[in-house]
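Following: one structure in structure tokens, then a few remarks.
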Amino acid sequence: MQAPRNPTRPVRVGSVTIGGGHPIVVQSMCATKTTDVEATARQAEALSAAGAGVVRIAVDSHKDAKALAAIRELTQANLSVDLQENYRLAESVAPHVQKIRYNPGHLYHHEPSRPWQDKVRYLVEVATRHGCAVRVGVNCGSVDPAKREKYDPADPLAPMLQSALEHCELLDRLRFDQYCVSLKHSDPARVVIVNRRFAEQRPDVPLHLGVTEAGMPPEGIIKTQIALEQLITRGIGDTIRVSLTVPNWRKHEEVEAGRKILADIAAGRLLGSSGTNEGGLNIISCPSCSRVENQRFVELADKVRELTRYAAGYPLTIAVMGCRVNGPGETDEAALGLWCGPDYVNLKRAGTHLGAFSYEEILPRLKAELDALIAAGTKRV
Ligand code: SF4
């Protein structure tokens, strides 16, 4: 039997409400270039038609912001904007969207001398003026380094958790209640722990659940389902996203997977921890977005999965990311990390950058590094 849902506050995002006992909303994100107005509007419509209650679009530049205004004219979807480093773009995009997502770990890049509290105050003022909801989106790969240093390394989830709690406190002090929080990690077990810890302290705040860089289907869906079912059956979670590495024309599968996960949980069809390669080789890859630097990224992630099947029994993580914005940080904890540039792929081993290789050279080089790790004594599980 499912526990009653946590008594979260309702947060209005256009025509849907997150929290407050409303049905759990499935979300997704466009992976097209935001400046490609037609393709992005088409994808927003396709995601919406598949059942996405909110569709997110990344905005990195004034050009993106201008494109978003044009996209708004072409779709009825409830739109959320993903602000990256340039939080100031909120002003230009807020009139066209229903929700603003900011990442506390990215507020430090732009105008570093300005306190983050001032930046949040500005975002709240913009959101209030335009009737937008806000998501405080904390991500394991982009936690503020100053926060990391502050907490016991034995508790690696503390910086994420404290960052979210700190932002909630400030939003409360500003008397802004139209916000939700997400705490995403690529490890489903950690998603469960950090969200449970947050929900214990703030059962009133609606939670957006997801496993970041879950990877390709079916593994990405299974990882997500394992985390989500452990949270939703405990009454935690008001909106979800299944992040999958799939080509643009298959992006609607994220929404279908999300709906199926919710239906399975409601019917008591739970996975437990079955279906994962428990303790063996773990491939994580981002779902891509408008920042992806080469359209060969999805194909590359798929080739990495195929190439490394022979190492399935080794407890190693290989991370494949689509861009230079988040790639370096998101690959930090992986044994081997790759992130795309326009014409080359960066390779990192245990946090050390080994160089940039062409799309043709990268796979043999990756294999050589993987073989070396195995030869150096990585034990099979
Ligand atoms: S790693 Fe880059 S391309 Fe991939 S989802 Fe994140 S921002 Fe987008």
Checklist outcome for this item: Exception for Leu366 within (1) under 20 Å from Val325 (Cβ atoms); (2) surrounded by 16 or more Cβ atoms within 10 Å (Cβ to Cβ) falls at (1)
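Scan the range 351-367 for residues that are in a loop (DSSP other than H, G, I, E, B), under 22 Å from Gln295 (Cβ atoms) and free of Cβ contacts under 8 Å to residues at least 24 places away in the same chain and jot them down.
Within the range 351-367, Glu360, Glu361 meet the criteria.
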Next on the checklist: Is it the case, given these coordinates, that Gly327 is crowded, with 20+ Cβ neighbours inside 10 Å, of a type in the set (Gly, Ala, Ser) and modelled with pLDDT under 95?
Outcome noted: yes
Item to check | Single residue of Arg296, Arg234 found to be more than 19 Å from the chain's Cα centre (by Cα), open to solvent by 50 Å² or more (accessible area, probe 1.4 Å) and either under 19 Å from Thr32 (Cβ atoms) or without any contact (Cβ under 8 Å) to a residue 40 or more places away in the chain (or both) | outcome: Arg296
Next on the checklist: Checking the structure you have, find out if any residue of the range 123-131 is within 16 Å of the ligand (Cβ to nearest atom) and farther than 26 Å from Phe198 by Cα.
Outcome noted: no
Checklist entry - For Gly351, which of the numbered conditions (1) within 16 Å of the ligand (Cβ to nearest atom); (2) out of contact with any helix residue (DSSP H, G or I) (no Cβ under 6 Å at 6 or more places or on another chain) fails to hold? => result (1)
Checklist entry - Going by the structure shown, is Val55 β-branched (Val, Ile, Thr) and farther than 18 Å from Ala127 by Cα? => result no
Next on the checklist: So, restricting to strands (runs of 3 or more DSSP E) that lie completely within the range 253-350, which ones have at least 1 residues that are among the polar types (S, T, N, Q)?
Outcome noted: 282-285, 317-321, 344-349
Checklist entry - Exactly one of (1) open to solvent by less than 30 Å² (accessible area, probe 1.4 Å); (2) over 16 Å from Leu347 (Cβ atoms); (3) more than 13 Å from the ligand (Cβ to nearest atom); (4) in contact with a Gly (Cβ under 9 Å, 6 or more places away or on another chain) is unmet by Pro315. Its number? => result (1)
Item to check | Test result for Gly377, open to solvent by 30 Å² or more (accessible area, probe 1.4 Å), out of contact with any strand residue (DSSP E or B) (no Cβ under 9 Å at 6 or more places or on another chain), more than 16 Å from the ligand (Cβ to nearest atom) and within 17 Å of Ala214 (Cα to Cα) | outcome: no
Next on the checklist: Residue under question is Ala65, and the condition is that it be part of a helix (DSSP H, G or I), closer than 20 Å to Arg250 by Cβ and modelled with pLDDT of 95 or more; does it hold?
Outcome noted: no
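Would you tally the residues in the range 68-83 being open to solvent by 10 Å² or more (accessible area, probe 1.4 Å) and in contact with a strand residue (DSSP E or B) (Cβ under 8 Å, 6 or more places away or on another chain)?
Qualifying residue count for the region: 2.
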Item to check | Hits in the range 284-312 (condition: more than 13 Å from the ligand (Cβ to nearest atom) and under 28 Å from Arg56 (Cα atoms)) | outcome: Glu299, Asp302, Lys303, Val304, Arg305
Checklist entry - Only one of (1) within 18 Å of Ser186 (Cβ to Cβ); (2) at pLDDT 95 or above; (3) surrounded by 18 or more Cβ atoms within 10 Å (Cβ to Cβ) is not met by Leu347, so which one is it? => result (1)
Item to check | Candidates Gly258, Gly272, Gly268, Gly280, filtered to the one that is at pLDDT below 95, away from the ligand (no atom under 16 Å from the Cβ) and either surrounded by 16 or more Cβ atoms within 10 Å (Cβ to Cβ) or closer than 19 Å to Gly337 by Cα (or both) | outcome: Gly280
Item to check | Any pair with Cβ under 8 angstrom, 6 or more apart, that starts in the range 129-149 at a residue that is closer than 15 Å to Tyr87 by Cα and ends at one that is assigned to a helix (DSSP H, G or I) and open to solvent by 20 Å² or more (accessible area, probe 1.4 Å) | outcome: none
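Which one of these is within 23 Å of Ala189 (Cα to Cα) and under 22 Å from the mean Cα position of the chain (by Cα): Leu316, Leu270?
Leu316
The values are calculated or read from the model by the stated rules, or taken from the named source; none is laboratory data. Bear in mind that the values here come from a model prediction, so they are computed numbers and not experimental data. Don't worry about glycine lacking a Cβ; one is built from the backbone with ideal geometry, like all the others, and counts go over all protein chains shown. Surface accessibility is based on the protein's heavy atoms, side chains included, excluding ligands, DNA and RNA. Shrake-Rupley method; radii C 1.70, N 1.55, O 1.52, S 1.80 Å.
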